[in-house]
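The values are calculated or read from the model by the stated rules, or taken from the named source; none is laboratory data. These numbers come from a predicted model, not from an experiment. Cβ atoms come from the backbone with ideal geometry, glycine included; neighbour counts cover every protein chain shown. Protein only, heavy atoms only, side chains kept; ligands, DNA and RNA dropped before computing areas. Shrake-Rupley method; radii C 1.70, N 1.55, O 1.52, S 1.80 Å.
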Amino acid sequence: QLLHARLYYFMMIMIITNKGLRGSCFSRFSLISTFTAGKSTNWEGGIRVPGIVKWTGVLPAGIQVDEPTSNMDIFPTVVSLAGLQMPRDSVIDGHDLMPLLQGRVTRSNHEFLFHYCNAYLNAVRWHPRQSDSVWKAFFFTPDFYPENSTLCLHTHTCFCTEEYVTFHDPPLLFDLSKDPTESNPLTPETESNFQPVLDAIREAVALHTSTLTVAPDQFSFSNSVWKPWLQPCCSSLSELCVCDEDRSTANQ
(Lines give C-alpha, C1' and ligand atoms only; values in the text may rest on other atoms or scores of the structure.)
Protein backbone atom coordinates (compact mmCIF):
# COMPACT_ATOMS: atom_id res chain seq x y z
CA GLN A 1 0.00 0.00 0.00
CA LEU A 2 2.85 2.38 0.77
CA LEU A 3 4.38 1.63 -2.62
CA HIS A 4 1.04 2.19 -4.36
CA ALA A 5 0.57 5.53 -2.60
CA ARG A 6 4.14 6.55 -3.51
CA LEU A 7 4.83 7.25 0.16
CA TYR A 8 7.46 4.52 0.49
CA TYR A 9 10.31 6.73 -0.68
CA PHE A 10 9.45 9.61 1.65
CA MET A 11 9.00 7.75 4.92
CA MET A 12 11.16 6.35 7.68
CA ILE A 13 9.84 2.87 8.43
CA MET A 14 10.72 1.39 11.81
CA ILE A 15 9.97 -2.18 12.87
CA ILE A 16 10.66 -2.71 16.56
CA THR A 17 10.31 -6.00 18.39
CA ASN A 18 9.17 -6.71 21.92
CA LYS A 19 11.43 -8.01 24.69
CA GLY A 20 13.02 -11.35 23.72
CA LEU A 21 11.31 -14.51 22.52
CA ARG A 22 9.16 -16.28 25.06
CA GLY A 23 10.51 -19.57 23.73
CA SER A 24 14.00 -18.45 24.72
CA CYS A 25 13.03 -18.95 28.36
CA PHE A 26 13.15 -22.72 27.97
CA SER A 27 16.92 -22.97 28.27
CA ARG A 28 19.80 -21.21 29.95
CA PHE A 29 20.62 -19.45 26.68
CA SER A 30 18.35 -17.58 24.33
CA LEU A 31 17.18 -19.27 21.14
CA ILE A 32 17.85 -16.06 19.19
CA SER A 33 21.54 -15.90 20.11
CA THR A 34 24.06 -16.92 22.72
CA PHE A 35 22.62 -14.31 25.10
CA THR A 36 21.06 -15.41 28.36
CA ALA A 37 17.29 -15.69 28.97
CA GLY A 38 14.56 -13.83 27.09
CA LYS A 39 11.16 -12.20 27.43
CA SER A 40 10.24 -10.58 30.76
CA THR A 41 13.87 -10.40 31.92
CA ASN A 42 16.66 -7.85 31.73
CA TRP A 43 19.34 -10.39 30.86
CA GLU A 44 20.88 -9.78 27.45
CA GLY A 45 18.49 -12.23 25.77
CA GLY A 46 15.59 -10.06 26.89
CA ILE A 47 17.18 -6.73 25.98
CA ARG A 48 18.97 -7.44 22.73
CA VAL A 49 16.10 -7.81 20.29
CA PRO A 50 16.29 -6.76 16.63
CA GLY A 51 14.95 -3.61 15.08
CA ILE A 52 14.76 -2.69 11.39
CA VAL A 53 14.84 0.87 10.06
CA LYS A 54 14.50 1.83 6.40
CA TRP A 55 14.48 5.25 4.76
CA THR A 56 15.32 5.13 1.07
CA GLY A 57 17.88 7.72 0.04
CA VAL A 58 18.57 8.82 3.61
CA LEU A 59 19.79 5.74 5.46
CA PRO A 60 22.48 3.61 3.81
CA ALA A 61 21.39 0.04 3.20
CA GLY A 62 23.03 -2.94 4.83
CA ILE A 63 24.37 -1.28 7.98
CA GLN A 64 24.29 -3.44 11.09
CA VAL A 65 24.35 -1.61 14.40
CA ASP A 66 25.33 -3.68 17.43
CA GLU A 67 24.87 -0.86 19.93
CA PRO A 68 21.87 -1.23 22.29
CA THR A 69 19.43 1.63 21.95
CA SER A 70 16.02 2.31 23.46
CA ASN A 71 12.46 2.98 22.37
CA MET A 72 12.94 6.25 24.26
CA ASP A 73 15.26 7.28 21.40
CA ILE A 74 12.36 7.46 18.93
CA PHE A 75 10.96 10.70 20.36
CA PRO A 76 14.22 12.71 20.15
CA THR A 77 14.87 11.28 16.68
CA VAL A 78 11.49 12.43 15.37
CA VAL A 79 11.83 15.82 17.04
CA SER A 80 15.23 16.33 15.43
CA LEU A 81 13.97 15.25 11.99
CA ALA A 82 11.10 17.71 12.31
CA GLY A 83 13.59 20.53 12.98
CA LEU A 84 12.12 21.19 16.42
CA GLN A 85 13.68 21.72 19.83
CA MET A 86 13.47 19.20 22.64
CA PRO A 87 11.36 20.18 25.67
CA ARG A 88 13.38 22.05 28.27
CA ASP A 89 11.02 21.56 31.21
CA SER A 90 11.85 17.88 31.76
CA VAL A 91 14.71 15.43 31.44
CA ILE A 92 14.56 13.39 28.21
CA ASP A 93 16.36 10.07 28.51
CA GLY A 94 16.48 9.29 24.78
CA HIS A 95 18.95 10.39 22.10
CA ASP A 96 18.74 11.14 18.38
CA LEU A 97 19.39 7.89 16.50
CA MET A 98 20.21 9.42 13.11
CA PRO A 99 24.02 9.65 13.56
CA LEU A 100 24.06 5.96 14.50
CA LEU A 101 21.66 4.89 11.73
CA GLN A 102 23.57 6.83 9.08
CA GLY A 103 26.89 5.35 10.15
CA ARG A 104 28.37 8.70 11.19
CA VAL A 105 29.14 7.28 14.63
CA THR A 106 29.61 3.74 15.89
CA ARG A 107 28.65 4.22 19.53
CA SER A 108 25.35 5.13 21.08
CA ASN A 109 25.09 8.34 23.12
CA HIS A 110 23.83 6.23 26.01
CA GLU A 111 26.72 6.06 28.44
CA PHE A 112 24.28 4.55 30.95
CA LEU A 113 21.12 2.54 30.26
CA PHE A 114 18.74 1.89 33.15
CA HIS A 115 16.84 -1.37 32.82
CA TYR A 116 13.56 -1.53 34.72
CA CYS A 117 11.36 -4.44 35.72
CA ASN A 118 8.00 -2.72 35.91
CA ALA A 119 8.60 0.23 38.26
CA TYR A 120 11.72 -1.27 39.86
CA LEU A 121 15.25 -0.50 38.71
CA ASN A 122 16.61 -3.95 37.96
CA ALA A 123 19.96 -3.40 36.24
CA VAL A 124 22.27 -0.70 34.89
CA ARG A 125 24.54 -0.87 31.85
CA TRP A 126 27.60 1.40 31.70
CA HIS A 127 29.74 1.89 28.61
CA PRO A 128 32.44 4.38 29.64
CA ARG A 129 33.25 6.96 26.97
CA GLN A 130 36.93 6.10 26.64
CA SER A 131 36.73 2.37 27.18
CA ASP A 132 35.75 -0.81 25.35
CA SER A 133 34.41 -2.36 28.54
CA VAL A 134 30.63 -2.62 28.97
CA TRP A 135 29.69 -3.09 32.60
CA LYS A 136 26.31 -4.33 33.76
CA ALA A 137 25.13 -4.53 37.35
CA PHE A 138 22.03 -6.39 38.58
CA PHE A 139 20.45 -5.20 41.83
CA PHE A 140 18.10 -8.18 41.86
CA THR A 141 17.34 -11.20 39.70
CA PRO A 142 14.17 -13.30 39.41
CA ASP A 143 13.88 -16.57 41.32
CA PHE A 144 13.81 -19.04 38.46
CA TYR A 145 11.94 -22.31 38.72
CA PRO A 146 13.07 -24.96 38.14
CA GLU A 147 16.56 -24.04 39.28
CA ASN A 148 19.36 -23.71 36.72
CA SER A 149 16.87 -22.51 34.13
CA THR A 150 15.48 -19.14 33.08
CA LEU A 151 11.87 -20.20 33.71
CA CYS A 152 9.36 -18.97 36.25
CA LEU A 153 6.99 -21.91 35.92
CA HIS A 154 5.64 -21.45 39.44
CA THR A 155 4.23 -18.03 38.48
CA HIS A 156 3.98 -18.44 34.67
CA THR A 157 5.95 -15.21 34.21
CA CYS A 158 8.79 -13.63 36.19
CA PHE A 159 7.59 -11.03 38.68
CA CYS A 160 9.57 -8.13 40.15
CA THR A 161 8.24 -7.88 43.69
CA GLU A 162 10.22 -8.88 46.77
CA GLU A 163 8.74 -12.34 47.24
CA TYR A 164 9.77 -13.43 43.72
CA VAL A 165 13.32 -12.05 43.44
CA THR A 166 16.74 -12.29 45.06
CA PHE A 167 18.46 -9.02 45.91
CA HIS A 168 22.22 -8.69 45.48
CA ASP A 169 24.43 -6.57 47.70
CA PRO A 170 26.89 -5.93 46.23
CA PRO A 171 25.13 -6.12 42.87
CA LEU A 172 25.98 -8.86 40.39
CA LEU A 173 28.54 -7.30 38.05
CA PHE A 174 29.45 -8.46 34.54
CA ASP A 175 31.81 -7.16 31.87
CA LEU A 176 29.76 -7.77 28.74
CA SER A 177 32.71 -7.04 26.47
CA LYS A 178 34.35 -10.22 27.79
CA ASP A 179 31.34 -12.16 29.02
CA PRO A 180 28.34 -11.42 26.75
CA THR A 181 26.47 -14.48 28.04
CA GLU A 182 26.55 -13.11 31.62
CA SER A 183 27.84 -16.43 32.88
CA ASN A 184 30.58 -15.28 35.29
CA PRO A 185 29.75 -12.59 37.87
CA LEU A 186 32.81 -10.57 38.81
CA THR A 187 34.18 -10.21 42.33
CA PRO A 188 36.76 -7.92 43.94
CA GLU A 189 39.21 -10.81 43.60
CA THR A 190 38.64 -11.33 39.86
CA GLU A 191 38.23 -7.66 38.84
CA SER A 192 40.48 -4.91 40.17
CA ASN A 193 37.98 -2.23 39.13
CA PHE A 194 35.07 -3.93 40.87
CA GLN A 195 34.45 -1.24 43.50
CA PRO A 196 35.18 1.83 41.31
CA VAL A 197 32.77 0.50 38.67
CA LEU A 198 30.00 -0.03 41.23
CA ASP A 199 30.64 3.41 42.71
CA ALA A 200 30.25 5.00 39.27
CA ILE A 201 27.05 3.06 38.62
CA ARG A 202 25.59 4.00 42.00
CA GLU A 203 26.42 7.66 41.35
CA ALA A 204 24.65 7.47 37.97
CA VAL A 205 21.63 5.82 39.61
CA ALA A 206 21.42 8.59 42.20
CA LEU A 207 21.49 11.25 39.47
CA HIS A 208 18.93 9.35 37.41
CA THR A 209 16.49 8.82 40.26
CA SER A 210 16.76 12.49 41.28
CA THR A 211 15.14 13.41 37.95
CA LEU A 212 12.13 11.11 38.41
CA THR A 213 8.71 12.21 39.61
CA VAL A 214 5.83 10.00 40.68
CA ALA A 215 3.25 9.74 37.92
CA PRO A 216 -0.49 9.52 38.69
CA ASP A 217 -1.86 5.99 38.80
CA GLN A 218 -3.51 5.50 35.41
CA PHE A 219 -5.35 2.43 36.70
CA SER A 220 -6.88 4.04 39.77
CA PHE A 221 -10.65 3.74 40.23
CA SER A 222 -11.29 7.31 39.11
CA ASN A 223 -9.21 6.76 35.95
CA SER A 224 -10.76 3.37 35.18
CA VAL A 225 -14.46 4.08 35.64
CA TRP A 226 -16.44 4.81 32.45
CA LYS A 227 -16.95 8.53 31.81
CA PRO A 228 -19.68 8.95 29.18
CA TRP A 229 -18.90 12.65 28.76
CA LEU A 230 -15.45 11.70 27.48
CA GLN A 231 -16.74 9.13 25.00
CA PRO A 232 -16.60 10.25 21.35
CA CYS A 233 -20.21 10.70 20.33
CA CYS A 234 -21.92 11.65 17.06
CA SER A 235 -25.30 12.33 18.72
CA SER A 236 -26.57 13.82 21.94
CA LEU A 237 -26.28 11.99 25.24
CA SER A 238 -30.08 11.70 25.31
CA GLU A 239 -29.78 9.44 22.26
CA LEU A 240 -27.18 7.35 24.07
CA CYS A 241 -24.57 8.04 21.41
CA VAL A 242 -26.46 6.03 18.80
CA CYS A 243 -25.28 7.26 15.42
CA ASP A 244 -26.95 7.13 12.02
CA GLU A 245 -24.30 4.66 10.92
CA ASP A 246 -25.22 2.38 13.81
CA ARG A 247 -28.92 2.55 12.94
CA SER A 248 -28.29 1.74 9.29
CA THR A 249 -26.12 -1.20 10.25
CA ALA A 250 -28.75 -2.48 12.64
CA ASN A 251 -31.44 -2.25 9.94
CA GLN A 252 -29.43 -4.28 7.44
- Task: Only residues that are open to solvent by 90 Å² or more (accessible area, probe 1.4 Å) and modelled with pLDDT of 80 or more: list them for the stretch 224-252, please.
- Result: TRP226
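Do any strands (runs of 3 or more DSSP E) entirely within the stretch 118-184 hold 2 or more residues that are in contact with a His (Cβ under 8 Å, 6 or more places away or on another chain), and if so, which? Even if it seems obvious, please write down each step before you answer.
Numbers: elements: 120-126, 135-142, 165-175.
Once the strands (runs of 3 or more DSSP E) in the stretch 118-184 are filtered for at least 2 residues that are in contact with a His (Cβ under 8 Å, 6 or more places away or on another chain), what remains is 120-126, 135-142.
Looking at the stretch 105-117, which of its residues are under 11 Å from the mean Cα position of the chain (by Cα) and either under 16 Å from THR166 (Cα atoms) or open to solvent by 70 Å² or more (accessible area, probe 1.4 Å) (or both)? Talk me through it step by step, then tell me what you get.
Within the stretch 105-117, the subset under 11 Å from the mean Cα position of the chain (by Cα) is 113-117.
Once the filter is applied, which keeps residues that are under 11 Å from the mean Cα position of the chain (by Cα) and either under 16 Å from THR166 (Cα atoms) or open to solvent by 70 Å² or more (accessible area, probe 1.4 Å) (or both), the stretch 105-117 yields TYR116, CYS117.
Test THR69 against the stated conditions and say whether it is β-branched (Val, Ile, Thr), under 18 Å from the mean Cα position of the chain (by Cα) and open to solvent by less than 30 Å² (accessible area, probe 1.4 Å). Before the answer, list the steps.
Numbers: β-branched (Val, Ile, Thr): yes; under 18 Å from the mean Cα position of the chain (by Cα): yes; open to solvent by less than 30 Å² (accessible area, probe 1.4 Å): no.
No: the conditions fail for THR69.
With respect to ALA123, is the statement that it is open to solvent by less than 80 Å² (accessible area, probe 1.4 Å), small (Gly, Ala, Ser) and under 18 Å from the mean Cα position of the chain (by Cα) true? Give the steps one after another, and end with the answer.
On the way: open to solvent by less than 80 Å² (accessible area, probe 1.4 Å): yes; small (Gly, Ala, Ser): yes; under 18 Å from the mean Cα position of the chain (by Cα): yes.
Yes; evaluated as a whole, the condition is true for this residue.
From PRO142, PRO170, PRO146, which residue is in contact with a strand residue (DSSP E or B) (Cβ under 7 Å, 6 or more places away or on another chain) and either at pLDDT 95 or above or open to solvent by 20 Å² or more (accessible area, probe 1.4 Å) (or both)? Write out each step before concluding.
Values: PRO170 fails: in contact with a strand residue (DSSP E or B) (Cβ under 7 Å, 6 or more places away or on another chain); PRO146 fails: in contact with a strand residue (DSSP E or B) (Cβ under 7 Å, 6 or more places away or on another chain).
PRO142 is the lone residue from the list that is in contact with a strand residue (DSSP E or B) (Cβ under 7 Å, 6 or more places away or on another chain) and either at pLDDT 95 or above or open to solvent by 20 Å² or more (accessible area, probe 1.4 Å) (or both).
For the stretch 1-32, how many residues are at pLDDT 75 or above and either among the β-branched types (Val, Ile, Thr) or open to solvent by 50 Å² or more (accessible area, probe 1.4 Å) (or both)? Walk me through how you get there before you give the answer.
Just the residues of the stretch 1-32 that are at pLDDT 75 or above, to begin with: 11-17.
With either among the β-branched types (Val, Ile, Thr) or open to solvent by 50 Å² or more (accessible area, probe 1.4 Å) (or both) added as a condition, the list becomes 11, 13-17.
Here the count works out to 6.
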- Note on the structure: Residue hits (the stretch 110-159; of a type in the set (D, E, K, R) and closer than 23 Å to ASN71 by Cα) are GLU111, ARG125, ARG129, LYS136
- Item | the stretch 206-221, residues that are assigned to a helix (DSSP H, G or I) and either more than 20 Å from the chain's Cα centre (by Cα) or among the small types (Gly, Ala, Ser) (or both) | ALA206, SER210, PHE221
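For residues in the stretch 33-56 being of a type in the set (Lys, Arg) and within 20 Å of ASN122 (Cβ to Cβ), which is modelled with the highest pLDDT?
We begin by selecting, within the stretch 33-56, every residue of a type in the set (Lys, Arg); these are 39, 48, 54.
Filter again for within 20 Å of ASN122 (Cβ to Cβ), leaving 39, 48.
On the way: LYS39: 75, ARG48: 82.
Among those that are of a type in the set (Lys, Arg) and within 20 Å of ASN122 (Cβ to Cβ), it is ARG48.
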